[in-house]
Amino acid sequence: MLSIKNLQVSVEGKPILKGLNLEVNPGEIHAIMGPNGSGKSTLAHVLSGREGYSVDAGSAQYKGLDLLEMAPEIRAREGMFLAFQYPIEIPGVNNTSFLKKALNEIRKHRGEEELDAIDFLSLIKKQMKLVEMKEELLKRPVNQGFSGGEKKRNEILQMAVLNPTLAILDETDSGLDIDALRIVAGGVNKLRSPNNSFVVITHYQRLLDYIVPDFVHVLSNGQIIKSGTKELALELEERGYDWLLEEAESKA
Amino acid sequence: MIDKTNKTASNNDENIAMSDEQQTIQNITDQDYKYGFVTDIEMEEFPKGLDENIVRMISAKKNEPEFMTEWRLKAYRHWRKQKEPKWPKLEYSEVDYENLYYYAAPKKDGPKSLDEVDPELLKTFDKLGVPLEERELLAGVAVDAVIDSVSVATTFKGKLGELGIIFCPISEAIREHPELVKKYLGTVVPYTDNFYATLNSAVFSDGSFVYIPPGVRCPMELSSYFRINASKTGQFERTLIVADKGSYVSYLEGCTAPMRDENQLHAAVVELIALDDAEIKYSTVQNWYAGNKEGVGGIFNFVTKRGLCGGKNSKISWTQVETGSAITWKYPSCILKGDNSVGEFYSVALTNNYQQADTGTKMIHQGRNTRSLIISKGISAGKSNNAYRGLVKVNSKAENARNYSQCDSLLIGDQSGAHTYPYLEVENPTAQVEHEATTSKVSEDQIFYLNQRGISTEDAVGMIVSGYAREVFQQLPMEFAVEAQALMSVSLEGSVG
Ligand SMILES: Nc1ncnc2c1ncn2[C@@H]1O[C@H](COP(=O)(O)OP(=O)(O)OP(=O)(O)O)[C@@H](O)[C@H]1O
Ligand SMILES: [Mg+2]
């Protein structure tokens, strides 16, 4: 599904990712944790094709394709989805028609027929139940005036409608109350299948009670310094990152 | 959207150039004019230049009554004493008025029905996606098509005639309804009004005339398509719309022009008159050739549009979507003379490459309880310059006048400019005048967000811009709104790389 080898990325000459390796197979859920500023969002952005990053070395393959060569909209149409840490507001653009356009772009790319307004509405109504989002939000401009939690739910709604093969969730749990957290996690679990994969970036082991990961990685200073199973998250919760950082330093 | 600034301003010049986010948003403005082609119709031309003789010839050619010839000549003599205004924020090489043709018309006489219309012309409409025959049936739109200076096709006349509605070329109205023309022409825009309007008064070629009788609600959108076709031919449209007491009309004006290398002058005049309880809605989609990406060629568009809310409870609403022309100089205005009358101005002005626009409105409050609303959305891309210039004037007798103005600017790329010049003259203390202005830019984040959902950059920019201008598009009749949004995307193609 996703194979990242020795990825080195810098921003304005400053190295951020310093030789990152990651293998994600179909059906797997990977959690990425790590201190603030360690490069988690940078990784998510580079994988989804945001400009402004320079890839200095390494490679990233997605479904056997050279990911880093593809335009961001092509990655999306190939089934890659990023739930943004900070979802963007698009004033005046209706949330529903935006999502319909997005879905139809993806369908067109796959050679499928575009959905008309009626079919789309029934799909979106169904998926809204999954994230228990207020219908009123569909009529509003994309994310404009949404509360922090509403924005995050809107991301998950989009994910549910677009049904990606690989979804990267960048701190989707931050800013959510306990109920919302359960709902969002429930949505992810319902979408989970042997054919798709999730990369879940989070600071809190709490989320991983609901979305149970197959692997947990710790990203620090641009490298994955430790990988393990869900028990690693529990240990981090208890002990923090310091012991890991020291361990990594003494190794180096 | 970032960089939001709110200001209550009286008179300020704001020049915003963008500096960051250069990597993605650079101006790769390589969109050629999609509707660029030239129709091969034989033209009949008068000699170049302008003198009294030419004015007389134009009038004679149209079999105009004496009063019209005299009016034209007065305008001509006045124009000779005028100088071109220099106050707009526009830069262009001087127009050589002696080197222009002032009259051009298809050589054959005007056809009586579609069968008689030059097939070349019909093909032209086809290329524009405006098949006349279909339009006729489809949306119930009557089309008064103007190619160059003379109207060559008018439809739906019969149906409108039953209601007493007059919708015809103004040249025809001058011959067949001289009393109406004499009564209203020049009453809102006098021939002395300004350099371009004066020139237009002397040499206007053709345009539309609409009269809606008392109490009649015009059952269909009246529509005109304008094209400029002859090289070096100034286009001098003149439109006059009169809505008698208690009547209603919605009028659409849309234009595209063929690709040409030479600058072409356009100086149109539109006069609207709404009597007691009458309402006029005037919508424009303007997409004349804007010049190529180096700024060569394109239409010089100097337009005077003004409406008079003459009667009590009358209403005039202007909606404009301006995407074309190398230069746009245009201030559709309302004189709110009748008590309780309402004036509205909704505008989207988009400039790209080297286009320049200086546009806005004037709301002149004269009657009591008059209200006006201004919603202006400027969009600047490439190396273009876009200025909003608006005046809200409340006369001393205009008790309880109210105005709300919202003037927004959107910047695309880092080399375009946006400017706002709101002028306020309030002579009555009971007036309530509110002005808001914002400046924002299409951000890299917004484009990436849409990209990440599978939407291409070009579509993303089109969506963002349409969203930004939504309040204005909502004012347009449905099929026009769709066309206008498509035009946005076409005009901005390649403006973001
Ligand atoms: N455009 C940029 N210019 C300069 N530095 C940047 C830029 N983008 C990211 N960085 C730096 O890269 C580092 C990694 O940032 P990133 O957002 O990937 O961290 P993160 O792991 O997601 O942190 P958090 O947990 O706080 O979300 C930070 O030090 C950040 O300041
Ligand atoms: Mg982050």
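Every read-out reported here was derived from the displayed coordinates using simple, explicitly stated rules and does not represent laboratory data. Here the structure is a predicted model, which means the values were calculated and not measured. Positions of Cβ are backbone-derived with ideal geometry, glycine not excepted, and every protein chain shown enters the neighbour counts.
Highest mean first, the peptides B:366-375, B:383-392 sorted by other C-beta atoms within 10 Å per residue fall in the order B:383-392, B:366-375. Using r as the Cβ-Cβ distance of B:Lys74 and B:Leu391, and R0 as 22 Å, what FRET efficiency do you calculate, to the nearest 0.05? So the FRET efficiency works out to roughly 0.20.
Compactness ratio for the range B:371-427: Cα radius of gyration over 2.2 N^0.38 Å (N = residue count) comes to 1.42. Across peptide A:106-113, the mean count of Cβ atoms from other chains lying within 10 Å of each residue's own Cβ comes to 1. Convex hull volume per residue, computed on the Cα atoms of chain A, equals 126 Å³.
Ordering of B:341-348, A:114-121 by packing is B:341-348, A:114-121, highest average first (other Cβ atoms within 10 Å, averaged per residue). With axes computed from alpha carbons, what is the tilt in degrees of helix A:95-109 against the longest principal axis of chain A, rounded to the nearest 10 within 0 to 90? Relative to chain A, helix A:95-109 is tipped by roughly 80 degrees. Counting only residues at least eight positions apart within a chain, or on another chain, the lysines with an alpha carbon under 19 Å from that of A:Lys190 are A:Lys125, A:Lys126, A:Lys129, A:Lys152.
Each residue of the range B:344-356 is assigned a 3J(HN,Hα), and the resulting list reads 10, 9, 10, 9, 10, 10, 10, 10, 9, 6, 9, 5, 10 Hz, derived from the Karplus form 6.51 cos²θ - 1.76 cosθ + 1.60 (θ = phi - 60°), x at Gly and Pro.
In this simple spin-label model, placing a label point 7 Å from the Cα along the Cα-to-Cβ direction at both B:Glu294 and A:Asn195 gives a separation of 5.4 nm. Mean partner shielding of peptide A:67-76, defined as the number of other chain Cβ atoms within 10 Å of each residue Cβ, is 4.
Within 10 Å of the Cβ of each residue in A:9-21, the mean number of Cβ atoms contributed by other protein chains is 0.
Gyration tensor analysis over the Cα atoms of the range B:330-382 returns equivalent ellipsoid semi-axes of 29, 9, 5 Å (largest first, whole Å). Judged by the mean number of other Cβ atoms found within 10 Å, the most tightly packed of the peptides A:155-163, B:470-478 leads the ranking A:155-163, B:470-478. Which of the residue pairs A:Lys63/A:Lys139; B:Lys337/B:Lys377; A:Lys5/A:Lys108 have a Cα-Cα distance greater than 29 Å in the structure shown? A:Lys63/A:Lys139; A:Lys5/A:Lys108, as the Cα separations exceed 29 Å there. Report the Stokes-Einstein translational diffusion coefficient (µm² s⁻¹, integer) for the range A:1-85, Rh taken as the Kirkwood radius over Cα pairs, at 25 °C with viscosity 0.890 mPa s. So the translational diffusion coefficient is about 185 µm²/s.
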